[in-house]
Structures are given as C-alpha cells and as structure tokens.
Amino acid sequence: MLAQFQWLACPTNEFNLFPSEKQQLPLLTCDLHPIFQHAHYHFSPQLFELLPPPIINMIPGVKEMCTSLEEEDITACISGEVNHTHHHFELLLKNVYPVQLHAVALSMFASLVAPFGGFLASAIKRAYGIKDFDSIIPGHGGVMDRLDCQLLMALCVWVYYNTFIKMGSLSVPKAVYMYNMLSPQERIDFMIAM
C-alpha cells in the first residue's frame, strides 16, 4: 500500500524535489509514526455478537472458538465434533498498517455523515431565503455549496485524529497543572512513586 513509501508517510516542513549539494541524506527520511508500521490487530469478540453467525462465517480469516464438554479450554472448533459448543468468534489481522483500519473507519463514517453537511447548508440557505451562497461558480451555487460536506467532515476528522491517532504529549505546565489537581493524599502517593 501507499504507507510503505516515505514520501507519503514522513512529515516535512519544506518541499525539495531535487536534493541540494549540501544535502547528503536522502530526502524525507524519518522515524515512521506507528500508524505507518506493520502491526497485528485482534478484533474484539464482542464485535461479532452484532452480526448473525452465517454472515460472520463469510468473513475471511474468522475462526469459531469452542469449549469442549470434557475440558474447560477454549480451542478452535472442529466440524462435526459432538463435544464442542460455540463460545465466540475471533479474527486476527497480521501485517496490516493501522492507517488502513483508520481509513476504513473514516470512509464509512464519511459516507454516513458527510451528506448532513449538505443538509445543514441547505437549512441555512432556507433560513435566510437565498438560493445560492454565491455566484463564483455559475450553476453550482458558489464555493460554499461545493465545500459544505468537507467542512463538516473536517471537524469529524479532527476529533477522530485527536481521539484515536495522536500520541499523548505531556509538557511541564501540563504536568504542574495535573499535579495541582491531585488531592493531598494523591500528592503524597505520587511523591512516593517518584
């Protein structure tokens, strides 16, 4: 996928198509963010409780886990085994880039939520009794009519990024603020732990 190319995974503050004579290192070298590195992802068994078993069995890589009547261990189900009873389903994805899973989540969310940006823009226009936001793009209602979905999704992507992707950072002022929020007993426990 595209995550393996450093041109798409490394952040940069300047763009140089060709290296200068001073630059000895290859362009765009960086320590990749964990979102662009291979990982294993184990789906929660509770996720599969939302779907009926025939549909779950159509998903490639899903394993049905069973308990045996003689033993209490959970093992993979063996077809036709009388002593096995269904316990749960499991799915393990190996060597997948986490950015792929985030892209799937964002695209599914966007396909459901982005049209509401258009509805919101239409509601604003109806409230003010105007047909179009502007006439910069004739016949299309202006730039705002073209970007209504993107404006709503920009907010959603920002919240998603800050909630699920961005690594937490701690600064000295933030640490002092958090320390001041502790109760006296928690401060003592904190000092003992330090």
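The values are calculated or read from the model by the stated rules, or taken from the named source; none is laboratory data. These numbers were taken from a predicted model, which means no experiment stands behind them. Don't worry about glycine lacking a Cβ; one is built from the backbone with ideal geometry, like all the others, and counts go over all protein chains shown. Just so you know, the surface numbers come from the protein's heavy atoms only, side chains and all, with ligands and any DNA or RNA stripped out. Shrake-Rupley method; radii C 1.70, N 1.55, O 1.52, S 1.80 Å.
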- Out of (1) over 24 Å from I56 (Cβ atoms); (2) surrounded by 15 or more Cβ atoms within 10 Å (Cβ to Cβ), what's the single condition that is false for G118? (2)
- Message: Can you pull out every residue in the stretch 4-42 that is of a type outside the set (S, T, N, Q), at pLDDT 75 or above and either open to solvent by 70 Å² or more (accessible area, probe 1.4 Å) or closer than 13 Å to V96 by Cα (or both)?
- Response: F5, L8, D31, P34, I35, F36, H38, A39, H40, Y41, H42
- Note on the structure: Matching residues in the stretch 156-173 (open to solvent by 100 Å² or more (accessible area, probe 1.4 Å) and either at pLDDT 90 or above or part of a helix (DSSP H, G or I) (or both)) number 4
- Item | L91 vs. criteria modelled with pLDDT under 85, surrounded by 13 or more Cβ atoms within 10 Å (Cβ to Cβ) and either more than 24 Å from the chain's Cα centre (by Cα) or under 28 Å from V157 (Cβ atoms) (or both) | no
- Task: Only residues in the stretch 48-75 that are over 12 Å from F89 (Cα atoms) and open to solvent by less than 100 Å² (accessible area, probe 1.4 Å) count as the first member; pair them with residues that are part of a loop (DSSP other than H, G, I, E, B) and of a type outside the set (K, R), Cβ under 6 angstrom, at least 6 apart or cross-chain, and list the lot.
- Result: S68/N83
- Task: Tell me which of these H84 doesn't satisfy, since it passes every other one: (1) in contact with a Cys (Cβ under 6 Å, 6 or more places away or on another chain); (2) within 30 Å of M144 (Cβ to Cβ).
- Result: (2)
- Reported set for the stretch 175-185 where residues are open to solvent by 100 Å² or more (accessible area, probe 1.4 Å) and either of a type outside the set (A, V, I, L, M) or modelled with pLDDT under 85 (or both) is Y177, P184, Q185
- Candidate set from the stretch 106-131 (those that are among the basic types (K, R) and part of a helix (DSSP H, G or I)); member that is modelled with the lowest pLDDT: K125
